[in-house]
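Structure first, commentary second.
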Amino acid sequence: MDHLQIELAKLRRDANLKQSMDDVDKIIEQLERARETIIAEPDSASITLAKLQNPVQQGFWKVNEDLKKIHKGHNSFGKALDKYFPVKALPTEYDALASHPSLINRAIAMHLLREGQFDVASTFLSEALDNPPQPHATPGTPNPASNDSNDLASLKSQELQEKFSNMYQILHELKTQNLHPAIEWARQNSAELENRGSNLEFELCKLQYIWLFQGPEINGLPDDENNGLSGAIKYAQETFPRHQIRFTKDCQQLLAAILYKTNLRSSPYWHLFNTETAWSEVSQSFTREFCSLLGLSPSSPLYIACTAGAIALPTLLKLASIVKEKRTEWTTQDELPVEIALPRSMIFHAIFVCPVSKEQTTESNPPMMMPCGHVVAKESLQRLSKGSRFKCPYCPNESLMRDARQVVL
């Protein structure tokens, strides 16, 4: 360390830009004096420029010499660092899930179930349960969980497989433009869907009304009283009354479009009957709501993780090579050293910064919403309350700590 202190002192003494800046200032002064002389005596421009050539050239040589000295000083200090600091290999692999290997197996099994590969999923689950992986403690991650294997065994439930099988049967019917199974499922689960604020049931009924309204020349259904305009009116009489409170305006517009049956494209309601993307959108909505009622995300977590990893991998590989070449390391273990641009569909967790402490919230310091609707971090709330009634820092309302509710982003 003493040798490094000596080299650092030399670097501070010799390899600085003070002399270079002084020499550059001298050149600027010479040029400014020459400019003033030429302005005062325009006829002497050629003589003034001729006299200026040698001093300016010598000044540039002096600046180059100064920079060479600085460069030499930095090289010497760099060699001293390489000599007196031992070189150690940096870790290039970090397995954050080593303490939870069963979670990986669960993600794989759930992905197979979601894709309808029930036989493959059953075989995979049987082998994973017969030969459970051994968790390994990883620095900075929670201890291995004992209930991971129980979560994996729960996927063998025949009920879960039957639900996913039912989902794929309904999606298959939607692809063939048959809405009846999806509508029946939505009616059976109408209470749960309404609690979630979902409008899936009405969207399905609305599309069925439009499908009948378009007639046999479009929908290919039998040309009878249950199809075409008469079939659409009959269907509306049967289904719209149960939705007219929540979707009054939509029901009115769909029924008013009957007046424009012969010239629907020029009517103000044509946008309701344009079904180019309606079938794919209603299929996505059905999948999303079906998975939500099962407590699952609409997209496979394994697919999202692999896709996001593939997008981020080139940037991380480039960074790893730079880190290895520069013999440095990432400044933090819990965060990526660079920002990875992911599609908006893969951004799930918003960042909340407490307006009081100006710090980003964490799992141990989550955002808390007071009864007035304002949100601050839990630690800030504790400092404000001090165990008693306190006033919101942003409005006159008062509340207690126990009245606050955690906000999940």
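Reported count of residues in segment 374-406, each being at pLDDT below 85 and under 30 Å from the mean Cα position of the chain (by Cα), is 1.
Across segment 176-210, the qualifying residues are those that are open to solvent by 30 Å² or more (accessible area, probe 1.4 Å), touching a residue at least 40 places away in the same chain (Cβ under 8 Å) and under 30 Å from the mean Cα position of the chain (by Cα), and the one among them that is farthest from E281 (Cα to Cα) is E192. Taken together, E276, E363, E325, E335 contain a single residue that is at pLDDT below 85, under 17 Å from the mean Cα position of the chain (by Cα), among the charged types (D, E, K, R) and open to solvent by 60 Å² or more (accessible area, probe 1.4 Å), which is E335. Take K18 and decide whether it is at pLDDT 80 or above, open to solvent by 60 Å² or more (accessible area, probe 1.4 Å) and either of a type in the set (K, R) or under 47 Å from the mean Cα position of the chain (by Cα) (or both). Criteria not met by K18.
Out of the residues in segment 211-264 that are among the polar types (S, T, N, Q) and not in a helix (DSSP H, G or I), which is surrounded by the most Cβ atoms within 10 Å (Cβ to Cβ)? Going through the qualifying residues, I end up with N227. If a residue has to be touching a His at 6+ places or on another chain (Cβ under 8 Å) and not hydrophobic (A, V, I, L, M, F, W, C) to count, how many in segment 265-317 make the cut? Here the count works out to 3.
When residues of segment 1-58 are filtered for being over 19 Å from Y84 (Cβ atoms), not hydroxyl-bearing (S, T, Y) and not in a loop (DSSP other than H, G, I, E, B), how many remain? Final tally of qualifying residues: 37.
The values are calculated or read from the model by the stated rules, or taken from the named source; none is laboratory data. Note that this is a predicted model, so its numbers are computed, not measured. Reconstructed Cβ throughout: ideal geometry from the backbone, glycine too, with neighbour counts over all protein chains shown. Ligands, DNA and RNA are stripped out before the accessible areas are found, and what is left, the full protein with its side chains, is counted by its heavy atoms. Shrake-Rupley method; radii C 1.70, N 1.55, O 1.52, S 1.80 Å.
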